């Protein structure tokens, strides 16, 4: 068994999606490895052009647990810009909804038989009432397959950007960094 920990380091904004000011960035997803299913949901952070921000400490651990040798942590993350306020008091219920949706998918094929994209799709469906309140802007999506074997420490960057219209509408450019440790 290898203990695998995946942790958010920071996010850098070069250009926001909103032309009138800061974006309200949050992440949704899930990761599965070994016998662990970990829902991902960060509360929105206000971030503007040129800023680098860290995630809340209690929301920065994306995954932590023992993964059998030769197996991988699978799943993914979607980044959104919140356009209308949500009832973030339902945060705990939403985490439970994500975990339940991913667990339902895993019960059919098991963690080895499920693709990272399937886990990511299930996690977004599990957002339920929180996401149904309005349609937030999807800024980026990434599937992750992280082997339990590899270097003891690595830092990975995920860049999500879009070049929009000639007037600068619907442009954005972000780089999110996360750290993988294996022991």
Exercise. Could you check how many residues of the stretch 66-102 are on the phi < 0 side of the Ramachandran plot, in contact (Cβ under 8 Å) with a residue 12 or more places away in the chain and more than 16 Å from the chain's Cα centre (by Cα)?
Key: 14
Quiz item: Which strands (runs of 3 or more DSSP E) sit wholly inside the stretch 9-72 and have at least 3 residues that are modelled with pLDDT under 95 and within 21 Å of residue 107 (Cα to Cα)?
Solution: 23-33, 36-41
Quiz item: Here are 52, 105: which of them is closer than 23 Å to residue 174 by Cβ and either surrounded by 17 or more Cβ atoms within 10 Å (Cβ to Cβ) or touching a residue at least 12 places away in the same chain (Cβ under 8 Å) (or both)?
Solution: 52
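The values are calculated or read from the model by the stated rules, or taken from the named source; none is laboratory data. All values derive from a computational prediction rather than experimental measurement. Quick reminder, even Gly has a Cβ in these numbers, built from the backbone with ideal geometry, and neighbours come from all protein chains shown.
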